[in-house]
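S.K.: My structure is below; once you've seen it, I'll send some questions.
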């Protein structure tokens with residue numbers, strides 16, 4: 001088994017628990033629209049996916065977000081809805097902090113420029129841990145479905161695929177990372193991750 005020199009974490013579903021239905025509910029309340037209308041216009045239409053791939057600046061995204069809904073929404077409200085849907089996984093954040101003492105760490109999430117710009121506002125605990133090593137798919141013009149994003153982040157971090165471990169709760173993203181040659185762990189809870197980290201000699205009891 002290769003020596004792991006870099007650990008890359010997903011955000012939603014790993015570092016925090018994210019309730020998408022709650023996000024839609026909050027956006028619906030803020031805009032006066034049915035949550036399904038918000039979902040269809042923003043998330044099911046492909047618009048938000050294009051933002052994740054870096055098609056827009058943060059200001060363009062917010063303007064187009066409002067246009068798709070036909071209702072104005074402020075940056076503050078958008079960020080509030082995102083934050084209200086997220087509950088930090090404190091045990092995971094503590095584990096990241098522990099790993100950080102012995103290995104370089106990074107974060108890679110499928111998200112767009114607005115969250116990237118205001119990450120410290122929405123998820124200050126993770127922003128404090130990862131600093132400028134918190135990466136967003138919009139920075140690479142690709143998402144984690146595409147193996148190229150893993151080559152790009154490794155190039156940015158001067159990492160090698162055989163010595164990088166990627167942790168995510170999506171089986172499709174795990175498969176994409178494996179295609180790029182990374183070691184992976186499909187996250188289903190901290191206990192299983194702890195076991196995997198011990199196997200990679202990244203944790204000692």
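The values are calculated or read from the model by the stated rules, or taken from the named source; none is laboratory data. As the structure is a prediction and not an experimental result, all values here were calculated from the model. Here the Cβ is made from the backbone with ideal geometry for all residues, glycine too, and neighbour counts use every protein chain on show.
S.K.: Please find, among 101, 116, the residue that is modelled with pLDDT under 95 and not in a strand (DSSP E or B).
M.R.: Values: 116 fails: modelled with pLDDT under 95.
Result of the check over 101, 116: 101.
S.K.: Among the residues of the stretch 93-107, write down those that are free of Cβ contacts under 8 Å to residues at least 40 places away in the same chain, over 14 Å from residue 193 (Cβ atoms) and out of contact with any helix residue (DSSP H, G or I) (no Cβ under 8 Å at 6 or more places or on another chain).
M.R.: 101
S.K.: Whether any residue in the stretch 16-29 is within 19 Å of the chain's Cα centre (by Cα), under 20 Å from residue 137 (Cβ atoms) and in a loop (DSSP other than H, G, I, E, B) is what I want to check.
M.R.: No: zero hits.
S.K.: Please indicate, with yes or no, whether at least one residue in the stretch 170-181 is farther than 30 Å from residue 59 by Cα, assigned by TED's automatic domain parsing to the domain that holds residue 10 and either modelled with pLDDT under 95 or not in a helix (DSSP H, G or I) (or both).
M.R.: Yes, because at least one residue in the stretch 170-181 is farther than 30 Å from residue 59 by Cα, assigned by TED's automatic domain parsing to the domain that holds residue 10 and either modelled with pLDDT under 95 or not in a helix (DSSP H, G or I) (or both).
S.K.: Would you mind telling me which numbered condition in (1) within 26 Å of residue 20 (Cβ to Cβ); (2) over 15 Å from the mean Cα position of the chain (by Cα); (3) not assigned by TED's automatic domain parsing to the domain that holds residue 29 residue 108 fails?
M.R.: Against the list (1) within 26 Å of residue 20 (Cβ to Cβ); (2) over 15 Å from the mean Cα position of the chain (by Cα); (3) not assigned by TED's automatic domain parsing to the domain that holds residue 29, residue 108 comes up short only on (2).
S.K.: Then there is this: Out of 121, 156, 143, I need the residue that is touching a residue at least 60 places away in the same chain (Cβ under 8 Å) and either crowded, with 16+ Cβ neighbours inside 10 Å or outside the structural domain of residue 37 (by TED's automatic domain parsing) (or both). Which one?
M.R.: Step by step, each of 121, 156, 143 is checked, and only 143 is touching a residue at least 60 places away in the same chain (Cβ under 8 Å) and either crowded, with 16+ Cβ neighbours inside 10 Å or outside the structural domain of residue 37 (by TED's automatic domain parsing) (or both).
S.K.: Does the stretch 63-91 hold any residues that are in contact with a helix residue (DSSP H, G or I) (Cβ under 6 Å, 6 or more places away or on another chain), in a helix (DSSP H, G or I) and closer than 26 Å to residue 153 by Cα, and which are they?
M.R.: 79, 82, 83, 91 - these are the residues of the stretch 63-91 that are in contact with a helix residue (DSSP H, G or I) (Cβ under 6 Å, 6 or more places away or on another chain), in a helix (DSSP H, G or I) and closer than 26 Å to residue 153 by Cα.
S.K.: What about residue 188, is it outside any strand (DSSP E or B), in the same structural domain as residue 100 (by TED's automatic domain parsing) and more than 16 Å from residue 106 (Cβ to Cβ)?
M.R.: For residue 188, the condition - outside any strand (DSSP E or B), in the same structural domain as residue 100 (by TED's automatic domain parsing) and more than 16 Å from residue 106 (Cβ to Cβ) - is met.
S.K.: While we're here: Could you pull out the residue among 202, 165 that is under 15 Å from residue 5 (Cβ atoms), part of a loop (DSSP other than H, G, I, E, B) and in contact (Cβ under 8 Å) with a residue 60 or more places away in the chain?
M.R.: Within the list 202, 165, the selection yields 202.
S.K.: OK, next. For residues that are exposed (fewer than 15 other Cβ atoms within 10 Å of the Cβ), more than 17 Å from the chain's Cα centre (by Cα) and over 16 Å from residue 134 (Cβ atoms), tally how many sit in the stretch 76-102.
M.R.: Of the residues in that region, 6 qualify.
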